[in-house]
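Data block below; observations after.
The values are calculated or read from the model by the stated rules, or taken from the named source; none is laboratory data. Quantities reported herein were computed from a predicted structural model and do not represent experimental measurements. Because the Cβ atoms are built from the backbone with ideal geometry, glycine has one as well, and the counts that use them run over all protein chains shown. Side chains included, ligands, DNA and RNA excluded: accessible areas come from the protein's heavy atoms. Shrake-Rupley method; radii C 1.70, N 1.55, O 1.52, S 1.80 Å.
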Amino acid sequence: MRRVFRRLWKNYKGWVLALAVLVVLALVPLPYYLFMPGSADPVEPVVTVQGGHKDERGKLLLTTVYSLPVSNVYLLAYGLVTGSEIEPKNRATFGLNDADYEALMKQMMEGSQNSAVVAALRYLGKPVQVVQKGVEVRGILPNSAAQGILHQGDVITAVDGQVVANQDQLVRDIKSRSPGKTVRLTVKRDNATLELTVPLIQLPGSTGQDAPQTGLGVQVVTVQKVESPVRVDFQTGNIGGPSAGLMFALEILNQLMPGDLTKGHIIAGTGTIDVDGRVGQIGGVEHKVVAAERAGAEVFFVPADIGPQDHNQRDAEAEARRIGAKMRIVPVHTLAEAVKFLQSLSVKPSSSNR
């Protein structure tokens, strides 16, 4: 028997070694991330409002993008996955290591929850206090001119002397400027207040967004404290990022307002939200359109395009046409617009619910 094995090894050891090398190479991680349509999950089980009701006949769905680090085996399968795309890891994770990126996504999720609570309660005219103290630097892109000037943990409180309370204000201010220009930032670092001059750069497009934008080349989150008269609990599991803000706010309203905003319909959507109810642009919108269509959504809320560099609305409409989606793409600027649209829907007969 040993002689047989020796003969087989002698004849086929080249093939065995080649196969072993191929297996190792297939599993070697590459500096890329693979993005593809994720899930469209009901928001009702995720959000519980104190004193609210959970009796919606339809569904409000939050949509996600599925992402994972790429190895050669995934690279080979890339062409087989409809609607998937590959992005350099440094761009996908904002230049952060995996642990810091995961922490950032968790912090962004918490921020979106706080903003959704404030926006919903303000819509209802309920007293809610929010104190915003600036934006904290959570990561610095490798190509950022802020490298060595800004540090992780810095809190930006003003741009060129104008107070900046939150992330949305900072983004709106910076993206209206030109790459190569400089801005003067007021920054709190530990117990010191610093005045720092930082050159602006042209940012690469994020997932699903190819149009360049002007920025600092940093990833930030709003530093805020919310005091709410109504307790809202969130159970989001491993979902991260800020893009579920609009759907969180709609679910909070649905549990507090009389009646049922869904009226028996399946409503999906995406978009950040700020404390004033403004809906903001997100990444990966085309993947979320696919996820919503697969879940049988009849309506998909998408952030409306406002400036020339915004294209969530355009991308969502193009993707819906590409896949022949039956659902309606509805761009919204604010939470109030989304509510107004839902209130305009007719009640769907129970027998025809999907």
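With respect to residue 251, determine if the residue is of a type in the set (Asp, Glu), open to solvent by less than 10 Å² (accessible area, probe 1.4 Å) and out of contact with any Lys or Arg (no Cβ under 6 Å at 6 or more places or on another chain).
Judged against the criteria, residue 251 is a match.
Can you tell me which residue within segment 317-334, out of those that are in contact with a strand residue (DSSP E or B) (Cβ under 6 Å, 6 or more places away or on another chain) and part of a helix (DSSP H, G or I), is surrounded by the most Cβ atoms within 10 Å (Cβ to Cβ)?
In this case the residue turns out to be 320.
Is there any pair with a first residue in segment 130-143 that is under 15 Å from residue 96 (Cα atoms) and a second that is of a type in the set (Asp, Glu) and at pLDDT 85 or above whose Cβ atoms are under 7 Å apart and which are 6 or more apart or on different chains, and what are they?
137/154
Can you tell me how many residues in segment 264-316 are of a type outside the set (S, T, N, Q) and assigned to a helix (DSSP H, G or I)?
Result for segment 264-316: 13.
I'd like to know if segment 201-214 contains one or more residues that are among the β-branched types (Val, Ile, Thr), open to solvent by 30 Å² or more (accessible area, probe 1.4 Å) and not assigned by the TED database to the domain that holds residue 338.
no
Go through segment 136-157 and give me each residue that's over 21 Å from residue 108 (Cα atoms) and touching a Ser or Thr at 6+ places or on another chain (Cβ under 6 Å).
The answer is none; no residue qualifies.
Here is a check on your reading of the model: is residue 164 within 22 Å of residue 112 (Cβ to Cβ) and in contact (Cβ under 8 Å) with a residue 60 or more places away in the chain?
So residue 164 does not fit the description; no.
Cβ-Cβ distance below 7 Å, separation of 6 or more or different chains: which pairs start in segment 172-193 with a residue that is of a type in the set (Asp, Glu) and end on one that is assigned to a strand (DSSP E or B) and at pLDDT 90 or above?
These pairs meet every condition: 173/159.
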